[in-house]
Protein chains: 2
Amino acid sequence: MTEQQRRPTLMDVAHAAGVSRALVSIVMRGAPGAAESTRQKVLEAARELGYRPDSRARLLRSSRTRLLGLSFFSAHAFHAEIVDAAYAAATSRGYDLALSAVASGRPETLAVESLLDFGSAALILISPTLSHQDLAAYAGQVPVVSLLRDDVGDPVDSVSSDDHAGVRMAVDHLTGLGHRRIVHVDGGIAVSAEPRRAAFRAEMDRHGLAARIIPGGPTEEDGLRAARTLGEDLPTAVIAFNDRCALGVIESLRADGLKVPDDVSVLGYDDSQFARLSYLQLSSVSQDAPLLAAAAVDRAVDRIEGAQTPAHVVRTPHLVVRKTTAPPRAG
Amino acid sequence: MTEQQRRPTLMDVAHAAGVSRALVSIVMRGAPGAAESTRQKVLEAARELGYRPDSRARLLRSSRTRLLGLSFFSAHAFHAEIVDAAYAAATSRGYDLALSAVASGRPETLAVESLLDFGSAALILISPTLSHQDLAAYAGQVPVVSLLRDDVGDPVDSVSSDDHAGVRMAVDHLTGLGHRRIVHVDGGIAVSAEPRRAAFRAEMDRHGLAARIIPGGPTEEDGLRAARTLGEDLPTAVIAFNDRCALGVIESLRADGLKVPDDVSVLGYDDSQFARLSYLQLSSVSQDAPLLAAAAVDRAVDRIEGAQTPAHVVRTPHLVVRKTTAPPRAG
DNA sequence: TTGGGTTTCTAGATCGTTCTAGTGGCACCA
DNA sequence: TGGTGCCACTAGAACGATCTAGAAACCCAA
C-alpha cells in the first residue's frame, strides 16, 4: 500500500464542498461566520478527504502559535512525571506541547533551539542549567519559565518550590522524632543542591545541632558512594538530596546489615513515583511536581496572552511520611 | 526587558547586506551558488541581526521536512533511554526529532496526531499499542516504524528484538546453571508479553521441564504481587517480564528473608539503566535498545529517502550475566 | 420598492521561506 | 566579432494556511 498521495489542502476541501478556501478555513478553526448547513457540508467534505490542517502553514500565517516548548532531561526519570502533568495542564488551556530532551550528546542549548525552531510561543525549562546570560537571551525572544530553579535572573519567570521550607520540614520532622545526629547527603553540583545545603546548615544551626554534610549527587550511585564514607561515625538519620540518592543510601546501609528505619532513618526529596513503591515506602519531601507543572504552564500562557512582568512563583512543599523514618534507637 | 521585537527575516538580512532574498537563502542553507566574499558579507549581516531561519516557513516551502516524529510512554523509564539514543542517531543522519509522549490523559492516537501536525516526515513509535487498522491508516500518510513490537501488519516497518531468542538464552542460561524449577512472571497485557510467554512455554518444553507461568506486569508492583503468590512451592529461578518486574520479585523475596541469588535466581529483561546499578547488578536479557533505536531511525530515513517496501528488522538480543543468577542451592 | 443592517461568503494580500527560470557579466576560443 | 559556457545573482511564483475588506444574499421595516 503506502500510497504516497499528496495530502489534501484547504483548496481541495473547498473544491469538494463547492465553497471558497476562506470559508473552509473559517469552518476548520471553528470561527464564527459560517451558516450551520454549509458548516456541516464542509466538515463532511473534509472528513471524506481525510483533510488535516497543515500546522506549519497555519503557524506561519497567524503568529499566535498555541504551542508551548518544554525541555526536560531524558536521564531524569522524575522529569517524566512533570511532562505528564504538563500535558494535562497545557491541553486544558488549549495549548499543545512540543517536547525536547536534553540527552547524552545533546546539550541544553540545542534542545532549546529546537523548541524555538518549532515555533514555541513560550519555553518551559525543567531545572535549566543555562547561564543567566543565555536565559536572558532566550527571554528576549519568547517568555521563558524556569521550573524547579528560581535563581534565573530578572527577565525570566520561575516556578519553584521553597527549598528552605522543605529542608526545614525535613529537619523538624527528624528532630521531632528525637534525632540529633543528622547527616545531609547533598546534590553536588545539581540544580538546587546549593540552596538545600545552605538551608540544612541554617536549620541544624537553629536547632543547635552540628550540620554534617557529605558530598553526594542526584543518582543512586552517588547516594551509595556517599553512604560508604559515613564510616564508624554513623548518624541516626540521613536527609538525601533526592529520592534516587536516598535509595542509594538505603541500599548501602542494607548492605552493611543495618536496618532502615530501625538503625538509621532516611528521608528523600521529590516524592517521586518510586518513593511510593510498596517495598520502599520512602518518606520524602514532596514538591508536588504536577501542581508545579500546572503552575508553570499557567504562567507561560499568561505571559503569552499579555502579562508583562515576569513573576517568581514559589510554592511550599510538604512532607510525606512513610516507612523510612522513625524515632532513633533508644540509648 | 523582554522587548517583543519582531524577529528578523530573510528580507531584513538581504536589505542589510545589500543583496536579494534568494541569495541570502542560498547562503543560509549552505547551498552552492554564492561567491565566497558575498557569503561572508551575508553571514556577517545575519549574525549582526540575530537572524534565525523560521523553520515553519522553511518547512512549508520545501516539503522535505528532515523531521522524525517519535512517540514514547512517559511512564516507561526505559523509553527515555531509547529517546536518548534516537537523538544521536537522528542528528547523525541530519534529521531533527519531534517528541510526543503518551501520558496519563493522553492516548497514543493523540500523541501520534500531534507528531503529524508538526509535519513529521516519518513516525517511529515505541511499543505502539495501536490496532493494525490505525497503524495502517497512519502508514498511508507517512512511513511508520514500530520499535520493539513486530506484530504490526503489512504496511508498517518494524525494528524489534527476537523475543524467542531472548527467552531461549534466559532458559538456557538457567538450565545450564542447573535450575529445573523455573517460573516466568509474565507481562500481562503489555506489548510483547505474549510472545515471551509462548517462547518460555516452548523452551521449557524443549528442555522437558514444566513451564510455570505467573501473571505479572511491567512494573515493580506487578512483580511484587506476582512473587507473593509463589507461596510454598518456591522455584529455584525466576525469569521476569522486564527489569522493573524483576526488581519487584527480588524485593518480595528479600522481604521473606530469602537471598538472591543464593536461594532464588532472578533474571530481568531489557538491561535497563538501573539493572546496572552497583547494588542491584541484575542479570538481564539485553535488547540493545540504543542499537535498536539507531536501526529504527535508519529505517525511517531510508523510507523517507526512497525505499519503497516496508521491512521487518529483527535483532538478536544477548544475555548480560551479573549477580542475580547463580547455580541453585545444592540439594 | 427601497434602504439599511446583518449574516454569509469570497477575492486577494500576506506570512517567511525555497525554487524555477532567468538576466547579466566575464572569460575563452574560433 | 560573436558564439558558448559558466558563474553570481535576482525577480517572482510557489507552499498552505489566515486575515482584511468588501460583495452578495437575505431579512425586515418604511
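The values are calculated or read from the model by the stated rules, or taken from the named source; none is laboratory data. Because the structure is predicted, anything quoted here is derived from the model rather than measured. Counting neighbours? That spans all protein chains shown, and the Cβs are built from the backbone with ideal geometry, glycine included. Remember, those area values only see protein heavy atoms, side chains included, never the ligands or the DNA or RNA. Shrake-Rupley method; radii C 1.70, N 1.55, O 1.52, S 1.80 Å.
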**Q.** Pair B:GLU113, B:ARG6: separation of 7 Å Cα→Cβ label points (nm)
**A.** 3.5
**Q.** Tilt relative to chain B, helix B:77-92 - C-alpha long axis, 0 to 90 degrees, to 10
**A.** 40
Q: Mind putting a number on the dipole of the range A:10-53 about its Cα centre? Charges go on the C-beta only, +1 for Lys and Arg and -1 for Asp and Glu, and I need it in Debye to the nearest 20.
A: 120
Q) Against the longest alpha carbon principal axis of chain B, how many degrees, from 0 to 90 and to the nearest 10, is the axis of helix B:289-304 turned? A) 40
(Q) With +1 assigned to the C-beta of every Lys and Arg and -1 to the C-beta of every Asp and Glu, and no other charges, what is the dipole magnitude of the range A:216-331 about the Cα centre in debye, to the nearest 20? (A) 200
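Given a 1.4 angstrom probe, what's the average accessible area per residue across the range A:163-288, in square angstrom?
Details: 4680 Å² over 126 residues.
On a per-residue basis, the range A:163-288 sits at 37 Å².
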Q: Could you work out, residue by residue across B:152-160, how many beta carbons of other chains sit within 10 Å of that residue's beta carbon, and then give the average as an integer?
A: 1
Q. For the protein assembly as shown, max minus min Cα coordinate along each principal axis, in Å, sorted largest first?
A. 81, 68, 58
Q | Per-residue ³J(HN,Hα) for the range B:123-132, Karplus 6.51 cos²θ - 1.76 cosθ + 1.60, θ = phi - 60°, Hz, x for Gly and Pro | A | 10, 10, 10, 7, 6, x, 10, 5, 6, 3
**Q.** Inverse mean reciprocal Cα-Cα distance (Kirkwood Rh) of the range B:163-288, Å
**A.** 13.9
Q) Reachable aspartates and glutamates from B:LYS259, Cα under 17 Å, same-chain residues fewer than 8 places away excluded? A) A:GLU251, A:ASP256, B:GLU232, B:ASP233, B:GLU251
Q) So, in Å, what gap is there between the alpha-carbon centers of the range B:302-321 and the range A:3-56? A) 38
Q: Report the one residue of A:VAL112, A:LEU292, B:GLY208 whose Cα lies farthest in the direction of the positive end of the charge dipole of the protein assembly as shown (charges on C-beta: Lys and Arg +1, Asp and Glu -1; origin at the Cα centre).
A: A:VAL112
Q. Shape of the range A:10-53 from its Cα gyration tensor (a ≥ b ≥ c, root eigenvalues): rounded if a/c is under 1.5, otherwise prolate when a/b > b/c, or oblate?
A. rounded
Q. Taking H as built 1.01 Å from N, whose amide H comes closer than 5 Å to the amide H of B:SER158, not counting residues under 5 places away?
A. B:SER146, B:ALA311, B:HIS312, B:VAL313
Q. Using θ = phi - 60° and the Karplus curve 6.51 cos²θ - 1.76 cosθ + 1.60, what whole-Hz ³J(HN,Hα) does each residue of the range A:243-249 get, with Gly and Pro shown as x?
A. 5, 4, 4, 4, 4, x, 4
Q: Name the residues whose placed amide hydrogens come within less than 5 Å of the amide hydrogen of B:ALA98, ignoring near sequence neighbours (fewer than 5 apart) on the same chain.
A: B:LEU68, B:GLY69, B:LEU70
Q) Treating the beta-carbon of each Lys and Arg as +1 and of each Asp and Glu as -1, no other charges, what is the dipole magnitude of the protein assembly as shown about its Cα centre, to the nearest 20 debye? A) 980
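What percent antiparallel are the DSSP beta bridges of the protein assembly as shown, to the nearest 5?
Close to 10 percent.
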**Q.** Loop trypsin sites (Lys or Arg not before Pro), the range A:229-331, which have at most 14 other Cβ atoms in a 10 Å radius of their Cβ (DSSP)
**A.** A:LYS259, A:LYS323, A:ARG329
**Q.** Estimated 222 nm signal from helices in chain A, with DSSP H stretches of n ≥ 4 weighted -39500 (n - 2.57), rounded to 500
**A.** -13000 deg cm²/dmol
**Q.** the range A:239-275 versus the range A:140-188: alpha-carbon centroid distance in Å
**A.** 19
Q) How big is the Cα convex hull of the range A:11-115 in projection, averaged over all directions, in nm²? A) 8.6
Q: Within the range A:1-94, report the trypsin sites (Lys or Arg not before Pro) that DSSP leaves as loop and that have at most 14 other Cβ atoms within 10 Å.
A: A:ARG6, A:ARG29, A:ARG64
